[in-house]
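The values are calculated or read from the model by the stated rules, or taken from the named source; none is laboratory data. Quick caveat: nothing in here was measured; it's all calculated off a predicted structure. Here Cβ is always computed from backbone atoms with ideal geometry, including for glycine, and neighbour counts include all displayed protein chains.
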Amino acid sequence: MKYPKKINRYCKYCKKYSEHKVGEVKNKERGALKHGSIQRAKKRGLGVGMGNKGKWGSKPAISKFKRTGAKLSKKTNLKFTCEVCKKTLIQKKGFRTKKLVFE
Ligand SMILES: [Zn+2]
């Protein structure tokens, strides 16, 4: 879908409506092991936590059945930079679209 490059939007820092520059949030490449992954790697071998870790259930392992209904579109992640105070706000709720073009 087409989306305007500049949009009039409420700025919570200026506390009024002002023009905002629209851009997409680029996700940066993460390191091989971050804090969360290190914790997970530690916990994997320990057998800590609640439940049986999904080992003995009625459903087979995820590799045993085919997943269907995969979505073709991605949710948007937009950022709005205020033209007055130059602060950036991230959109609260993304919407689904196959392709996003700024015009
Ligand atoms: Zn502002």
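What the table below lists for this structure:
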quantity	calculated
The stretch 82-96, residues that are in contact (Cβ under 8 Å) with a residue 40 or more places away in the chain and more than 10 Å from the ligand (Cβ to nearest atom)	Ile90
Residues of the stretch 24-44 satisfying the condition of being under 22 Å from the mean Cα position of the chain (by Cα) and either within 16 Å of the ligand (Cβ to nearest atom) or among the basic types (Lys, Arg) (or both)	Lys26, Lys28, Arg30, Lys34, Arg40
Residue in the stretch 60-80 that is in a loop (DSSP other than H, G, I, E, B), modelled with pLDDT of 70 or more and in contact with a Lys or Arg (Cβ under 6 Å, 6 or more places away or on another chain) present	yes
Meets criteria (more than 16 Å from the ligand (Cβ to nearest atom), under 30 Å from Met1 (Cβ atoms), at pLDDT below 85 and of a type in the set (Asp, Glu)) for Glu103	no
Any hit, the stretch 24-37, residues being hydrophobic (A, V, I, L, M, F, W, C) and loosely packed, with under 12 Cβ neighbours inside 10 Å	yes
Residue count for the stretch 1-23, restricted to those that are loosely packed, with under 13 Cβ neighbours inside 10 Å and more than 14 Å from the ligand (Cβ to nearest atom)	4
